[in-house]
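The next block holds one structure in the form of C-alpha cells; read it before the comments.
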Amino acid sequence: GLLALLVLLLLGQTRFAVLFNEQTGEFTSALAARDEERFWDSIKYCLGLLVMAVPIFALHYFVRDTLGIHWRRWLTHRFLDSYFSHRNFYELNANAGIDNPDQRIQDDINQFTGATVSLTMGLLNATVTLASFVGILWALSGGFSFSVAGNNYEIAGYMVWMAVLYCGVGSVLTHYIGRPQIALNFQQQKVEADFRHHLIRVREYSEAIALDRGEKVEGHQLDLRFTSVLANYLRLLKAQKNLIWFTAFFGQAALIFPFLVAAPRFFSGAIQLGELMQISSAFDRVQGSLSWFVDNYSALASWRATTDRLTSFDEGIQAVALADIAQSAINSVANEN
C-alpha cells in the first residue's frame, strides 16, 4: 500500500512539473510582449499550482522513509532469525570468515533499505519525467536541416537526440571514472566495522585489560585499525574527487547546452523567447532524467558495496546451515550403523 501511494505521489509530482513548465513559457512570453495582464494571470496560476504541489512533495518523502523503515524491520528480523537458527551465529564466526556480522545486521541493512527505496524512486521518477517531457521537447525543438554532398536532410526532434547524445557520452565517462569507488566503498565499510568492533571489545573486556595492564597493546591495535580507516578513506576521497570534477562540468555545461543548440532558431525568428525558455526547461528535465546514472553514481557505488556485504553474509549463513544439515545426516547414518 505504501509503495502504491508512493508511485501515485510521484506521478502527481511529475504532472505538476509539466504544468510549471507550460507556465514558464507563458509568463516569459508575457514579459517579452510587455503584456501585464497575461503575466499576472500566469503568476496567479503558478501560485495556485504551488499551493497544491507542496503537500504532495512533502508527503512523498514521508511515505518513502516510512516504507524504508518497514522494510528494514522485516529484513532485520529475517536475518536475525537465520543468524540464531541452529547456532549459525557461532559457526559463522568460527568457520565462515564473515567479518562483523553485527555491523551487517545493524548498519548495512539500514543503508540497503534506505538507499534501495531512494534510488528506485529516483529511477522511477526519472523514467516518468522522461516520458512526460520528451514529447514536449520533441514538439518544441522542430527539425534541424542540413546539406551533405548536395542532398538536404532534416532531423526531427533534434533537441531530443542531442540530449540522448549528451547524456550517453556522460554516462559512459562517469562509469569509467567512478568505477573504483565500488571496491573502495566495500573496503571502507569493512575497516570502519573492524575499528568499531575492537572498541566494543575493549569496553567488554575492560577489567581484564586493566588487570593485565594491556592499555598500550589495545591502544596500538586500535591505532592500526584507525590508520586503515583513514588510508582507505583518503583513497575513496581521491576517487570521488575525480568523479566530482567531471559531474560538476557535466552539470554546468548542461545549463548552456540547450541555449547553444536552440539559439539559431530563436535568432532566425522561428521561435519566441518564451518558447526558447520552455525548450530550455524541457531539455533540463529530459537531460536530468537521462543523467540519473551520472547524478547517482556515487550513491550506486555505495549501494553496490552494501548489497555485496549483505549478499555474502546471507550466503555464509546458508552455507553454515547446509553444512549443519549435512553433518546431522552423517551423524544419523552413523548412529543407525
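The values are calculated or read from the model by the stated rules, or taken from the named source; none is laboratory data. Because the structure is a prediction, the values reported are computed rather than measured. No Cβ is skipped: glycine too gets one built from the backbone with ideal geometry, and neighbour counts run over all protein chains shown. Side chains included, ligands, DNA and RNA excluded: accessible areas come from the protein's heavy atoms. Shrake-Rupley method; radii C 1.70, N 1.55, O 1.52, S 1.80 Å.
Tabulated results
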{"read-out": "Test: residue in the range 243-259 that is out of contact with any helix residue (DSSP H, G or I) (no Cβ under 7 Å at 6 or more places or on another chain), aliphatic (A, V, I, L, M) and closer than 26 Å to P101 by Cα", "value": "no"}
{"read-out": "Y205 among the hydroxyl-bearing types (S, T, Y), out of contact with any Leu (no Cβ under 8 Å at 6 or more places or on another chain), open to solvent by 40 Å² or more (accessible area, probe 1.4 Å) and more than 30 Å from L234 (Cβ to Cβ)", "value": "yes"}
{"read-out": "Matching option when the condition is part of a helix (DSSP H, G or I) and either more than 30 Å from L173 (Cβ to Cβ) or over 18 Å from the mean Cα position of the chain (by Cα) (or both), among A299, A329", "value": "A329"}
{"read-out": "Where a residue in the range 142-162 is closer than 30 Å to T129 by Cβ and at pLDDT 75 or above and its partner, wherever it lies, is open to solvent by 70 Å² or more (accessible area, probe 1.4 Å) and of a type in the set (D, E), with Cβ under 7 Å and at least six apart", "value": "none"}
{"read-out": "Condition met for S228 (farther than 17 Å from F293 by Cβ, more than 18 Å from the chain's Cα centre (by Cα), surrounded by 16 or more Cβ atoms within 10 Å (Cβ to Cβ) and of a type in the set (S, T, N, Q))", "value": "yes"}
{"read-out": "Any hit, the range 306-326, residues being among the hydrophobic types (A, V, I, L, M, F, W, C), within 29 Å of the chain's Cα centre (by Cα), at pLDDT 85 or above and open to solvent by 30 Å² or more (accessible area, probe 1.4 Å)", "value": "no"}
{"read-out": "Per-region count, the range 244-274, residues more than 12 Å from M159 (Cα to Cα), open to solvent by 70 Å² or more (accessible area, probe 1.4 Å) and of a type outside the set (A, V, I, L, M)", "value": "7"}
{"read-out": "The one condition in (1) in a helix (DSSP H, G or I); (2) in contact (Cβ under 8 Å) with a residue 60 or more places away in the chain; (3) buried (at least 16 other Cβ atoms within 10 Å of the Cβ) that S85 fails to fulfil", "value": "(3)"}
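Residues checked against (1) within 25 Å of L137 (Cβ to Cβ); (2) at pLDDT 85 or above; (3) open to solvent by 40 Å² or more (accessible area, probe 1.4 Å):
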residue: L3; (1), (2), (3): no, yes, yes
residue: T14; (1), (2), (3): yes, no, no
residue: N21; (1), (2), (3): yes, no, no
residue: R34; (1), (2), (3): no, no, yes
residue: P55; (1), (2), (3): no, yes, yes
residue: T66; (1), (2), (3): no, yes, no
residue: R72; (1), (2), (3): no, yes, yes
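Yes/no matrix, rows are residues, columns are (1) within 27 Å of N296 (Cβ to Cβ); (2) modelled with pLDDT of 85 or more; (3) basic (K, R):
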site: C167; (1), (2), (3): yes, yes, no
site: S171; (1), (2), (3): yes, yes, no
site: P180; (1), (2), (3): yes, yes, no
site: R196; (1), (2), (3): no, yes, yes
site: R203; (1), (2), (3): no, no, yes
